[in-house]
Each structure stands twice: as structure tokens, then as C-alpha cells.
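A.B. asks: Have a look at the structure that comes next, please.
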Amino acid sequence: MNPVKHVAIIMDGNGRWGIKHKKSRNFGHRAGLNTVERIIKSTIKNKINHLTLYAFSTENWKRPKKEIKFLLNLLDSFIDQKIHEFNKNNIKLKIIGNISIFHNKLKKKLKKSEQLTKKNNKLQVNLALNYGSKSELINSFKKINKNKQNINIKNIEKNLYTSTIPDPDILIRTGNTNRLSNFLLWQMAYSEIFFEKKLWPDFNENDYNVILKKFRKIKRNYGNI
Ligand code: FPP
């Protein structure tokens, strides 16, 4: 039985879910937030230590301004409503991605939330915000270059946002789309990938448990036989 230390998720399909229900794309994003809460609870139940959620990519800035604003406001109110509950439940919040370009109020809130929960150790929720794997790797190479270090696996990993996080054992992408969308490309070299047909707001605890069960039976070779 494979242990599961880290699950990463591309939460795709909110927009389509909203339209399917004859509402807006943003209605779908709000529904997606309920799934986030459900999956955090199941991750704790399954005694998994790391959950990484792709909430906003470096490419998502191409979306209409109104949708970007909605997503960032949703994040802001999610933090307001949930961070104390996170803390009470021994959950640590870590942001991965370049949030330096977010407006000050949100940036401060995110930093404060990380600070508040930094000693917690039941589950670490890594929220990928303005995250892109290619720019993460370029930054790592630049730091190595600046410090006149050797380019090797250890030094590259030391300079990623995920330097203290184990590589994902599992990637789940909902929404019936089979691509990686610039998410943790280095870290997922040996992750088991599960593409799920359901849209993110419809994804539930049972779907999650089915994937975990399948994963536990996989023989992981890491290039060996
Ligand atoms: C992709 O679905 C989803 C996003 C870009 C945003 C994900 C955001 C949430 C689940 C809610 C906010 C989460 C937190 C933690 C605050 P899409 O809209 O691209 O779906 P589509 O393929 O149907 O258009």
C-alpha cells in the first residue's frame, strides 16, 4: 500500500458548472469553494499531510477583469471566514506563487495567515496563487546563478517555492481536461495523475476516496522495474 503524503489538485470546471446551471461563471467559482472545504476535511480524515490547490495561475490574468476581481475577492473573504477555523483545526496555510503583485491589503492578509498558522502540523494547505511552474524554475535558476552555485537537482529544489514540501504523490485534475497547465512541472516528475471527468463543484468525498484507493494499489517504480 502506497502512503500518501501529498495530493495536488487542479480545480477545473467551475466556469462551465456555473453556465451549466444557467448562472454565471462566477457562480461556479463560489460553488467550487464548497468543494475546497469538503476536500480539506477528507484530506484530514485520510491523514494526508499536504494538499496543494491551484487557485490562480500566472496565465489566469488573461481572463476578463471582472472574473479576476471576483476570484481575488472570493479568496479574500475565504481567508477572513476560514483562517481561524484552520488554526483551530491545526491546519497550516502556505502560499506558493508570486503574490508580490497582489494589492497590499490582500498580500498582508495572506502573510498574516501564514504567520498565524505556521506552527500547525495536522495538514498543510498550499495555496497556489499567481503560480506558474516555468517562472518558478526560472527564478530558481536565477538565484543559483546569483549565488554562483552549481546547477544540480538539490540546488534547483532548494530554490523552489516548494523547497520544504514533499513532491506530490497524486495529481487530480477535474473538469474532463487532460493537461498540466504549468502546474508543479518539476515536482510532478513521478506523480500519479488522475484526470477526473466531473467538474470541480461536483467532485465529492467519494470520488476522492476512489482515487486514493486506486493510488494505493499502484506499483511505483521511479524508473526501476
Ligand atoms: C478553474 O476553473 C478554476 C480556477 C481558475 C479558480 C479556482 C478557484 C476556486 C475553486 C475558488 C476559489 C478557491 C480558493 C481556495 C479561494 P475554470 O473556471 O477555468 O473552469 P472552466 O474550465 O469551466 O472555465
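The values are calculated or read from the model by the stated rules, or taken from the named source; none is laboratory data. Fair warning: this is a prediction, and the values are worked out from it, not measured in the lab. So basically every Cβ, Gly included, is an ideal-geometry build from the backbone, and we count neighbours across all protein chains shown. Side chains included, ligands, DNA and RNA excluded: accessible areas come from the protein's heavy atoms. Shrake-Rupley method; radii C 1.70, N 1.55, O 1.52, S 1.80 Å.
A.B. asks: Condition test on Leu53, is it open to solvent by less than 20 Å² (accessible area, probe 1.4 Å) and near the ligand (Cβ under 10 Å from one of its atoms)?
C.D. replies: So Leu53 fits the description; yes.
A.B. asks: Taking region 13-25, which residues are open to solvent by 30 Å² or more (accessible area, probe 1.4 Å) and in contact with a helix residue (DSSP H, G or I) (Cβ under 6 Å, 6 or more places away or on another chain)?
C.D. replies: Narrowing region 13-25 to residues open to solvent by 30 Å² or more (accessible area, probe 1.4 Å): 16-17, 19-25.
Residues satisfying the conditions are Trp17, Ser24, Arg25.
A.B. asks: Hey, can you tell me all the residues within region 153-179 that are open to solvent by 60 Å² or more (accessible area, probe 1.4 Å), in a loop (DSSP other than H, G, I, E, B) and more than 23 Å from Asn2 (Cα to Cα)?
C.D. replies: Tyr161, Asn176, Asn178, Arg179
A.B. asks: Is one or more of the residues making up region 14-23 away from the ligand (no atom under 11 Å from the Cβ), farther than 23 Å from Glu196 by Cβ and not hydrophobic (A, V, I, L, M, F, W, C)?
C.D. replies: Yes, region 14-23 contains a residue that is away from the ligand (no atom under 11 Å from the Cβ), farther than 23 Å from Glu196 by Cβ and not hydrophobic (A, V, I, L, M, F, W, C).
A.B. asks: Looking at region 35-50, which of its residues are in contact with a helix residue (DSSP H, G or I) (Cβ under 7 Å, 6 or more places away or on another chain) and within 11 Å of the ligand (Cβ to nearest atom)? If you could, list the steps in order and put the result at the bottom.
C.D. replies: Start the filter on region 35-50 by keeping residues that are in contact with a helix residue (DSSP H, G or I) (Cβ under 7 Å, 6 or more places away or on another chain), which leaves 35, 38-39, 42, 46.
Result: Thr35, Ile39.
A.B. asks: Being within 14 Å of the ligand (Cβ to nearest atom) and in a loop (DSSP other than H, G, I, E, B) is the filter here, so list the residues in region 104-150 that pass it.
C.D. replies: Residue satisfying the conditions is Gly132 alone.
A.B. asks: So, one more: Give region 195-218 a look and list any residue that's surrounded by fewer than 19 Cβ atoms within 10 Å (Cβ to Cβ) and in contact with a helix residue (DSSP H, G or I) (Cβ under 8 Å, 6 or more places away or on another chain), or say none.
C.D. replies: Lys198, Asp202, Asn204, Glu205, Asn209
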